[in-house]
Amino acid sequence: MTTRDAMTCEAFDAALHARGADLSRWPAAEAQAAERLLEASAEARARFAAARRLDDAVAQAAEAAPAPGLALRLNAALDDRRRARERWLADSPGRFGLAGAGFGAAAVAVGLWLGAVVGPVDAATPDFSAAFEVSLIDGGL
């Protein structure tokens, strides 16, 4: 933007959002155009005042110290959650009891039975993968 160019309120608003209300941080040509717009437009002055208030609020928030004891309260809350999780894990065997052990034993037994009935796959087992691929290509299945 050259110094001859007039800045519109929309361009000024976009620059305010991007760079803030401190015109010394703007590129020189844009800052000069913004100053001319501020002299000529009440709407631009209102937008500039709102941006300045926002910048001031952000600066004050950045300087504010956290509440006293906040770190201690956060650490205590995290410790409580960790302890609760540890208690849940420690109580798990009692929670599932004999039913959990029974289901686990049944799963192992079914796995062993399937292994014995189906048996290992070897060279004697026919390979149907080629027929399956042909069937997919022909539109079957």
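Nothing in this text is a laboratory measurement; each read-out follows from the coordinates by a stated rule. Quick caveat, the model's predicted, so the values are computed rather than measured.
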Query - Dmax and Rg, reported as Rg then Dmax, of the range 33-99 (C-alpha, Å) - result: 27.5, 84
Query raised in the report: Can you pull the three principal axis extents for the Cα set of the range 9-63, in Å, largest first?
Result: 34, 22, 16
